[in-house]
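Reading through the structure tokens given below for one structure.
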Ligand code: FPP
Ligand code: MG
């Protein structure tokens with residue numbers, strides 16, 4: 001499996017933001033291999049494939065950039081960066097089952113190459129290995145933080161499933177769901193970066209704020225791309241939120257501005273038509289009602305909040321990289 005990780009990741013578009021931590025990130029790649037190595041050839045094949053579906057290494061990069069911005073990158077940081085990436089990859093493998101997604105990172109998903117059973121177990125295997133590594137650090141506070149974050153990931157995703165087909169979902173509830181299912185792991189990565197270097201409450205809170213708002217902007221941009229993006233460019237199954245009747249910010253805002261009759265027409269289309277039929281209709285409505293702009297504006301506000309939280313940290317190349325990475329989240333096409 002292992003050559004692939006070295007050769008292909010972190011993905012090229014993100015690499016420029018990772019320059020200040022390139023060496024450390026390379027070491028994290030080696031740790032990832034160690035964490036997940038398994039003599040059983042079947043497990044090794046599945047793990048290899050599963051790992052190709054992660055790849056941007058954004059969360060380990062956040063952790064390492066926060067660590068280096070505030071002090072030294074310690075062995076604990078490397079271990080935690082690899083563990084956080086492992087948990088993240090597990091969530092995507094599980095998410096692809098829920099979304100019945102067939103493609104991620106231009107490759108067939110684990111559920112397509114094998115089946116749902118293999119995907120469930122691969123995700124479980126990865127989480128178990130990650131927990132083993134984290135607990136070996138013998139730091140109760142860190143173990144608790146990672147466990148608590150994993151609970152939030154699961155709760156966020158379960159709440160989202162619970163709201164499937166519920167067209168009254170509010171923006172407030174959507175925000176709290178994405179804070180749990182996506183932003184929590186970014187918060188955790190940033191906080192862990194600072195954790196061993198400083199007990200300063202101001203820095204710890206700044207790290208959490210940056211991770212939270214970057215994560216929320218990331219998910220909002222992702223939700224917009226699910227509706228308006230190109231599968232060939234994104235390299236993953238799109239339209240899955242519509243197919244699974246999961247309301248996201250663009251749809252919440254669209255349903256809020258439509259008059260009763262077009263609203264009912266849209267709801268009926270969402271319930272009765274295929275994604276291929278309904279997606280272009282929604283794209284037109286979103287354009288006509290300037291929802292794209294309003295959703296992008298919300299994502300931008302999160303990025304501005306994230307960037308202003310960096311002001312309390314020392315100005316250095318890592319801080320610049322975090323700021324540039326935050327801006328890129330709004331431009332990304334995959
Ligand atoms: C992607 O959402 C999914 C997440 C950010 C979180 C998924 C979390 C779980 C499945 C809970 C499992 C938790 C553990 C610890 C294994 P998306 O569908 O909006 O993004 P996508 O477009 O990339 O699929
Ligand atoms: Mg998905």
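The values are calculated or read from the model by the stated rules, or taken from the named source; none is laboratory data. Everything numeric in this text was worked out from a predicted model, so none of it was measured. Glycine also receives a Cβ, built like all others from the backbone with ideal geometry; neighbour counts cover every protein chain displayed.
The figures follow:
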quantity: Every residue from the stretch 288-334 that is within 27 Å of residue 232 (Cα to Cα), touching a helix residue (DSSP H, G or I) at 6+ places or on another chain (Cβ under 9 Å), in a helix (DSSP H, G or I) and without any contact (Cβ under 8 Å) to a residue 60 or more places away in the chain; calculated: 291, 294, 327, 331
quantity: Extreme residue, nearest to residue 280 (Cα to Cα), among residues of the stretch 185-202 that are surrounded by fewer than 23 Cβ atoms within 10 Å (Cβ to Cβ) and in contact with a helix residue (DSSP H, G or I) (Cβ under 7 Å, 6 or more places away or on another chain); calculated: 202
quantity: Conditions (1) under 30 Å from residue 80 (Cβ atoms); (2) in contact with a helix residue (DSSP H, G or I) (Cβ under 7 Å, 6 or more places away or on another chain); number of the one not met by residue 227; calculated: (1)
quantity: Residue within the stretch 58-79 that is surrounded by 22 or more Cβ atoms within 10 Å (Cβ to Cβ) and more than 21 Å from residue 319 (Cβ to Cβ) present; calculated: no
quantity: Answer residue from the stretch 184-204, given it is free of Cβ contacts under 8 Å to residues at least 40 places away in the same chain and not in a loop (DSSP other than H, G, I, E, B) and is farthest from ligand 2 (Cβ to nearest atom) among those; calculated: 201
quantity: Criterion violated by residue 170 - all others in (1) under 26 Å from residue 109 (Cα atoms); (2) touching a residue at least 12 places away in the same chain (Cβ under 8 Å) satisfied; calculated: (1)
quantity: The stretch 206-229: number of residues that are without any contact (Cβ under 8 Å) to a residue 24 or more places away in the chain and away from ligand 1 (no atom under 11 Å from the Cβ); calculated: 1
quantity: Residue pairs meeting the criteria (Cβ under 9 Å; at least 6 apart or on separate chains; first within 10 Å of residue 54 (Cβ to Cβ), in the stretch 86-111; second assigned to a strand (DSSP E or B) and more than 10 Å from ligand 1 (Cβ to nearest atom)); calculated: none
quantity: Test: residue in the stretch 140-148 that is over 27 Å from residue 237 (Cα atoms), within 13 Å of ligand 1 (Cβ to nearest atom) and in contact with a helix residue (DSSP H, G or I) (Cβ under 7 Å, 6 or more places away or on another chain); calculated: yes
quantity: Filter result for residue 52 (closer than 21 Å to residue 185 by Cβ, under 17 Å from the mean Cα position of the chain (by Cα) and either surrounded by fewer than 24 Cβ atoms within 10 Å (Cβ to Cβ) or modelled with pLDDT under 95 (or both)); calculated: yes
quantity: Which listed residue, of 91, 70, is at pLDDT 95 or above and closer than 24 Å to residue 162 by Cα; calculated: 91
quantity: Qualifying residue in the stretch 288-297 (condition: surrounded by 20 or more Cβ atoms within 10 Å (Cβ to Cβ) and over 30 Å from residue 67 (Cα atoms)); calculated: yes
quantity: Candidates 246, 236, filtered to the one that is within 16 Å of ligand 2 (Cβ to nearest atom), crowded, with 20+ Cβ neighbours inside 10 Å and modelled with pLDDT under 95; calculated: 236
quantity: Residue match in the stretch 230-237 (condition: out of contact with any strand residue (DSSP E or B) (no Cβ under 6 Å at 6 or more places or on another chain), under 17 Å from residue 166 (Cβ atoms) and assigned to a helix (DSSP H, G or I)); calculated: no
quantity: Helices (runs of 4 or more DSSP H) wholly inside the stretch 27-136 containing at least 2 residues that are under 24 Å from residue 306 (Cα atoms) and touching a helix residue (DSSP H, G or I) at 6+ places or on another chain (Cβ under 9 Å); calculated: 58-70, 75-98
quantity: Counted residues, the stretch 80-110 - those being more than 11 Å from ligand 2 (Cβ to nearest atom), surrounded by fewer than 21 Cβ atoms within 10 Å (Cβ to Cβ) and under 13 Å from the mean Cα position of the chain (by Cα); calculated: 0
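Per-residue answers, yes or no, for (1) within 16 Å of ligand 2 (Cβ to nearest atom); (2) under 28 Å from residue 187 (Cβ atoms); (3) within 18 Å of the chain's Cα centre (by Cα):
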{"site": "207", "(1), (2), (3)": "no, yes, yes"}
{"site": "210", "(1), (2), (3)": "no, yes, yes"}
{"site": "213", "(1), (2), (3)": "no, yes, yes"}
{"site": "227", "(1), (2), (3)": "yes, yes, yes"}
{"site": "230", "(1), (2), (3)": "no, no, no"}
{"site": "262", "(1), (2), (3)": "no, no, no"}
{"site": "269", "(1), (2), (3)": "no, no, no"}
{"site": "278", "(1), (2), (3)": "no, no, no"}
